[in-house]
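The values are calculated or read from the model by the stated rules, or taken from the named source; none is laboratory data. In this text the structure is predicted, and so the values were computed from the model without any measurement. In this analysis, Cβ positions are derived from the backbone assuming ideal geometry, glycine residues included, and neighbour counts consider all displayed protein chains. The accessibility values were calculated without ligands, DNA or RNA, using every heavy atom of the protein model including side chains. Shrake-Rupley method; radii C 1.70, N 1.55, O 1.52, S 1.80 Å.
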Amino acid sequence: MSMEALRGGVAVITGAGSGIGEGLARVAAEYGMKVVVADIAVDRAQSVASAIVEQGGEALAVKVDVSTPDSIDALAATVHEHWGDVTLLVNNAGVETLGFTWELSTAQWEKTLNINIHGAIHGVRAFAPRMIAAGKPAWIANTASIGGLGMMPIQTSYILSKHALISFSECLYLEMQIKQAPIRVSAILPGPVATRIFQDGGTTIDTGSEQHRVLMNAMLEADGISGYEAAQRILPQIAAGDFWVSTHPEITREMAAGRAAHLTALGNPALPVEVLRGMGLSIDGE
Ligand SMILES: NC(=O)c1ccc[n+]([C@@H]2O[C@H](COP(=O)([O-])OP(=O)(O)OC[C@H]3O[C@@H](n4cnc5c(N)ncnc54)[C@H](O)[C@@H]3O)[C@@H](O)[C@H]2O)c1
C-alpha cells in the first residue's frame, strides 16, 4: 500500500489545531484527502482548515472534546453526514501533565487519562463500527509516544497513558484480524517534535515540576522536528499498513531494545543520574 491508497478518502484527525495533528491534516490534504480538522480549540482548527482550503484542499473544522463520549459521537455523525465513509482516523489529541503522582489533583489525573486514553477509546467506539460496515480498506492510528517504551518520573500520568495506548492499539489490531476487517491499525510513536504540548502542559504548584516543564519545552524547541515534518514521516508508514510508526526510527529502536532488555532481566526501574540532572531533578539527599 502506498500513499495513493489514501487519495480521495476522508481523514479525521483529532488535536489537529496544532503540532503533529496540524501537520497530519496538512500532509493528508496534500495527498488529496478530505480532512476533518477536529480540536477543542476551534479557532486553531478553523485556521488550519482555512489554510488547507486556501491551498486548494478540502477541509472542515469541527470542535470536539475527545474526553467526552457525546462530543465524539457528534463528530462522527457530522463527518458521516458531510462526507460519508471515513478512510483514516487518527486519535491524536493529547496533553502533558507534570508532577509527582501524589501531588497531582484528582482533576489533573482525570483530565490527562480522559483525553489521552479515553479519547482514543471513544474515537474507536464512535468511528470503527461504520468503518467496518463499509467493508473498504481503512486505517486507524493512535498517537502514543516513544515515552510508551520507557519511563519518565514526574510525567507519570502522561507516560502511563502512552503505555496504555500502545497496548490498546495492539489489542485493536488483533480484534480487526479476528473480524477479518480491512482496517489497518497503527501505533504512532513520535520522538521529539517542536509543538505547544509543554507550553500548555499542566503542572503541580511545586517548582520542581514547573522547572521540568520549562526544560522539556526548551528541549523540544531546540531538538524537535516540526509537526509538518513529523507528519511527512508518519503518513506513508500508516498508508503502508505498518503497526509501529516512528518519526525517529533510531531512537524508537534503541528504546524498544532497552525496554526488552530491562524486562528480560526483570531489573528494577532505573534512570541514569545524569538523565535526572538533565531534567533539572536531583536525587533527594544529594
Ligand atoms: N511533541 C512531541 O514531542 C510528542 C512526542 C510524542 C508524542 N506526542 C503526542 O502527539 C500528540 C499531539 O501532540 P502535539 O505535540 O502535537 O501537541 P499540541 O499541544 O501542539 O497539540 C495537541 C492538540 O490537541 C488539542 N486537544 C487538547 N485537548 C483536547 C481535547 N480534549 N479534545 C480535542 N482536542 C484536544 C489541543 O488543543 C492541541 O491543539 C499527543 O498525543 C502527544 O502526546 C507528542
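Things to note:
- Taking the charge dipole of region 8-278 about its Cα centre, with +1 at Lys and Arg Cβ atoms and -1 at Asp and Glu Cβ atoms, the residue from Ile140, Met176, Gln199 reaching farthest to the positive side is Met176.
- Separation of the alpha carbons by more than 25 angstrom is noted, of Lys63/Lys179; Lys63/Lys136; Lys111/Lys136; Lys136/Lys162; Lys111/Lys162, for Lys63/Lys179; Lys63/Lys136; Lys111/Lys136; Lys136/Lys162.
- Sum of side-chain charges, Glu210 neighbourhood, beta-carbon under 14 Å (Lys, Arg +1; Asp, Glu -1): -3
- The slack between Thr207 and Asp85, meaning 0.36 nm per residue of separation minus the straight C-alpha distance, is 39.1 nm.
- Trypsin sites (Lys or Arg not before Pro) restricted to DSSP loop in region 164-218 with at most 10 other C-beta within 10 Å: none
- Looking at region 85-172, the chymotrypsin sites (Phe, Trp or Tyr not before Pro) that sit in a DSSP loop and have at most 16 other Cβ atoms within 10 Å of their own Cβ are Phe100, Trp102.
- Nonpolar atom fraction for the chain, defined as the carbon and sulfur part of the 1.4 Å probe accessible area, stands at 56 percent.
- Our note on the geometry: Cα centres of region 1-58 and region 159-221, 20 Å apart.
- The chain, accessible area per residue, ligands and nucleic acids excluded (1.4 Å, Å²): 46
- The rule of thumb for compact globular proteins, 2.2 N^0.38 Å, goes into the C-alpha radius of gyration of region 147-253 1.22 times.
- Long-range HN-HN contacts of Arg184 with modeled amide H, under 5 Å: Ala138, Trp139, Ile140
- Note on region 8-278: Kirkwood radius taken over Cα pairs, Stokes-Einstein applied at 25 °C and 0.890 mPa s, translational D equal to 130 µm² s⁻¹.
- Formal net charge of residues neighbouring Ala128 (Cβ-Cβ distance under 15 Å; K, R +1; D, E -1): +2
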